[in-house]
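Everything below concerns the one structure shown next.
What follows is calculated from the coordinates using simple rules that are stated; it is not laboratory data. What you see is a predicted model, and the numbers here were worked out from it, not measured in a lab. Positions of Cβ are generated from backbone atoms using ideal geometry, with glycine treated the same way; all protein chains shown enter the neighbour counts.
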Amino acid sequence: MKSLGWAIFVLFLLAFQGSILNPLVIHGIRPDLILITVYLLGISKGDIQGGIIGASLGFIMDILSAGPVYYNVFSKCFIGSLSGVIGRWIQNPGPVLHAGMISVASLLQGIGTLLILAFLGMARLPQDLFYIAIPQAIFDGALGGIVYLFLTTRRKRTVSRWTF
Amino acid sequence: MFRFVVINKKVLVVFLLLIGIFVLLSPEIKENPRYYLFEKPFASTVNLIHSGFSLIFRGISTTWNNYIDLVDVKEENQRLFEEGKRLRTESLSLKEKALAYDRLTQLLKVKDAIHTEFTVATIVAREPTNWYSAVVINRGEEDGIRPNMGVITAEGIVGKITKTAPHHSRVLLFSDRNSAVGGMIQRTRDEGIVTGGEGKVLRLNYILIESDIRKGDLVLTSGTDSVFPPGVVIGRISRVESPQNALFHSIELIPEVSPSKIREVMVLNIPQPPEVEMLLKEEVR
């Protein structure tokens, strides 16, 4: 039942990411909700599961995107595994640290995309870096931090409600 | 006499009282427009009490009536609120229908202008990443959509089909970095290639430096790419740079169609030359 819930959530998330009704757009830049989800799941589930989830979601995202095939599979898998490692090694991380880490992950993914585009002769430097990669990294980090804060606050409330 | 008075004291009091009443209620005093000397203290006192009673009664009455009324008003308010909500929804729906009607009318006008078969489609999704510009439309192979078909609106070009599924297709927008379309400057008839990938700005390439290009010139499709018919609007020249010793102008265009605002599009069915058809079939395989 829990797996079915997750599957439905992921489907909605993927649909929302590409939806024409997605309101999360600032100056044409949309946050990568899949990246944020993969990072947060990796943190809580560990590096192996994070990697698997990342690869699966990246695969679906690659299908939906006009970009090069398999790029999202590898990038999201890497981010999921990395966040699993971070979750294991860093004690009591706060939302600011997570926001920073999500920004770094997003920037790494952006630089990866730029490298592929440069290899294909389609990169426009430095415009792509300043107008797409960096703003998206900041947006992803900020949104990821807020989501993390929201989730932890809710969790604390749920725990305190049942603690005597 | 005095004895009589003492014995009949009560009678006297009653008598004096009656005289007093007669005096106070005499027709002259009653008809006087102003309160008379005797009347004033009575009238003032009684009126004060009346006022007090009246105030309290009116307060109670108003409160009660208001309460009773409020019960109805609340229901009425709720009913009106629901009615307002329904009317707003209806109004929005009608506005949307009117806008869709306008857009479709525009598309039909284009049909007469381009003399090409087309399929009307609606955009259902957008590219999930920020690196590419593409949309997904609700028409696919079963509707006769094939890769490399041009997609336009009444305002101008949108892009071309890059991938098809039975019931939907992906359209690569003209603003994407991979996009290129044959363009022609309407005033001078100079032909070049319009490419995307620089945000909202397009670039017109390969226009010779001798050409007399001006800001504001309209750029149309040239029709040489067999994807778009000639004469469909691409955009207007917003900047021209002519570097010394360069072979070509550096030209920027502002597209007429804003990709983020389009909803309905037309997928053009232009017959492809046999060699192109063959290449496309091989690509699909």
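Assign unit charges at the C-beta atoms only (+1 for Lys and Arg, -1 for Asp and Glu), then state the dipole size of segment B:87-236 relative to its Cα centre in Debye, rounded to the nearest 20.
Around 360 debye, computed over segment B:87-236.
Counting alpha carbon pairs within less than 8 Å and at least 6 residues apart, what relative contact order, in whole percent, applies to chain A?
21
Taking a quarter of the surface of the Cα convex hull of segment B:112-187, what do you get in nm²?
Averaged projected area of segment B:112-187's Cα convex hull equals 5.9 nm².
Can you pull out the chymotrypsin sites (Phe, Trp or Tyr not before Pro) in segment A:1-72 whose DSSP state is coil and whose Cβ has at most 13 other Cβ atoms within 10 Å?
The qualifying sites are A:TYR70.
Expressed in nm², what is the orientationally averaged projection area of the convex hull enclosing the Cα positions of segment A:10-52?
3.4
If you take each beta carbon of peptide A:62-70 and count the beta carbons of other chains within 10 angstrom, what is the mean?
5
Using a 10 Å cut-off around each Cβ, can you sort B:HIS115, B:HIS249 from fewest to most neighbouring Cβ atoms?
B:HIS115, B:HIS249
What is the distance in Å between the Cα centroid of segment B:125-149 and that of segment B:62-98?
44
With only alpha-carbon atoms counted, please give the Rg and Dmax of segment A:32-154, in Å.
So, for segment A:32-154, Rg and Dmax equal 14.2, 47 Å respectively.
Kindly flag which residue pairs out of A:LYS45/A:LYS76; A:LYS76/B:LYS160; B:LYS74/B:LYS95; B:LYS97/B:LYS160; B:LYS160/B:LYS261 have an alpha-carbon separation exceeding 20 Å in this structure.
In this structure, A:LYS76/B:LYS160; B:LYS74/B:LYS95; B:LYS97/B:LYS160 exceed 20 Å between Cα atoms.
Size of the dipole of segment A:32-154 about the Cα centre, Lys and Arg at +1 and Asp and Glu at -1 on the beta carbon, nothing else charged, in debye to 20?
Taking the Cα centre of segment A:32-154 as origin, the dipole is about 200 debye.
Quick check: from the Cα gyration tensor, does segment B:161-273 come out rounded (a/c under 1.5), prolate or oblate?
prolate
Dipole of segment A:32-154 (Lys/Arg Cβ +1, Asp/Glu Cβ -1, origin at the Cα centre): which of A:ALA142, A:TYR39, A:TRP89 lies farthest to the positive side?
Projecting each Cα onto the dipole axis, the largest value belongs to A:TRP89.
Could you put B:THR63, B:THR164 in order, starting from the residue whose Cβ has the fewest other Cβ atoms within 10 Å?
Ordered from fewest to most neighbouring Cβ atoms within 10 Å, B:THR63, B:THR164 come out as B:THR63, B:THR164.
Which residues' amide hydrogens lie under 5 Å from the amide hydrogen of B:THR164, considering only partners 5 or more residues apart or on another chain, with H built in the peptide plane?
Answer set, sorted by chain and number: B:ARG170.
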